[in-house]
Structures are given as structure tokens and as C-alpha cells.
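The values are calculated or read from the model by the stated rules, or taken from the named source; none is laboratory data. Bear in mind that the values here come from a model prediction, so they are computed numbers and not experimental data. Quick reminder, even Gly has a Cβ in these numbers, built from the backbone with ideal geometry, and neighbours come from all protein chains shown.
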Amino acid sequence: MLSQRKLMRVIKERQLQYITKRCEWDDEFANDIFNQRNQMEAILFTSYGLKTLELTIVLMHFSYMLGMFWLIMCEVVEDFYHGVNYFELGIDKA
């Protein structure tokens with residue numbers, strides 16, 4: 001669903017199509033060697049931004065799963081190892 005490589009491939013293909021069409025009808029644009037027209041800086045920022053977002057999502061999922069595992073293990077130790085019964089302690093909402 002969140003494939004950074006596929007999205008970047010689509011962005012690069014559209015950029016190439018735009019530059020190709022622009023060079024066909026604008027000779028000054030095509031022959032200008034002093035100005036950079038390919039917007040590579042924006043493409044790199046987008047690429048690294050998407051990679052950072054993907055890494056953040058993966059880390060958040062991993063930390064959530066680790067936290068849920070820790071919570072389950074704490075409940076297992078309380079219930080089966082220590083034998084804590086919350087109804088005997090007078091706590092109705094356990």
C-alpha cells in the first residue's frame with residue numbers, strides 16, 4: 001500500500017514526460033545549459049521524505065507490537081504465576 005519505490009518511479013516518469021514534451025516545443029528550454037530544469041532536488045527531498053515516513057510507520061508498528069507483548073506477558077505473570085484475583089481484592093473492573 002505504501003510503496004516508496006513505486007511512487008518514486010511514477011513521479012520520475014511523469015517528470016520525464018513533462019521535460020520531454022517541454023523540450024519538443026521550447027527550443028530555448030531544451031538548449032539552456034546554465035539552468036537546471038529537471039527538479040532533481042525536489043525529487044530527492046520527496047524520496048527521502050517518503051523513506052523517513054515509511055521508517056517511522058514501521059518503527060511505530062514495531063513499538064506497538066512490543067508494548068502489547070509486554071502488557072500480555074505482565075498479565076500472564078500476574079494471573080498465572082502470582083495468582084492475583086482482582087475480585088477478591090474488591091476491584092470490580094479488572
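Below is a table of values for the structure above.
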read-out: Inter-residue pairs, beta-carbon under 8 Å, first over 30 Å from MET8 (Cβ atoms) and in segment 54-80, second assigned to a helix (DSSP H, G or I), 6+ apart; value: none
read-out: Every residue from segment 1-54 that is outside any helix (DSSP H, G or I), under 16 Å from the mean Cα position of the chain (by Cα) and polar (S, T, N, Q); value: SER3
read-out: Residue in segment 32-47 that is among the basic types (Lys, Arg) and in contact with a helix residue (DSSP H, G or I) (Cβ under 6 Å, 6 or more places away or on another chain) present; value: no
read-out: Lone unmet requirement of (1) at pLDDT 85 or above; (2) surrounded by 11 or more Cβ atoms within 10 Å (Cβ to Cβ); (3) among the β-branched types (Val, Ile, Thr) for ILE43; value: (1)
read-out: Conditions (1) in contact with a Leu (Cβ under 9 Å, 6 or more places away or on another chain); (2) modelled with pLDDT of 90 or more; number of the one not met by VAL58; value: (1)
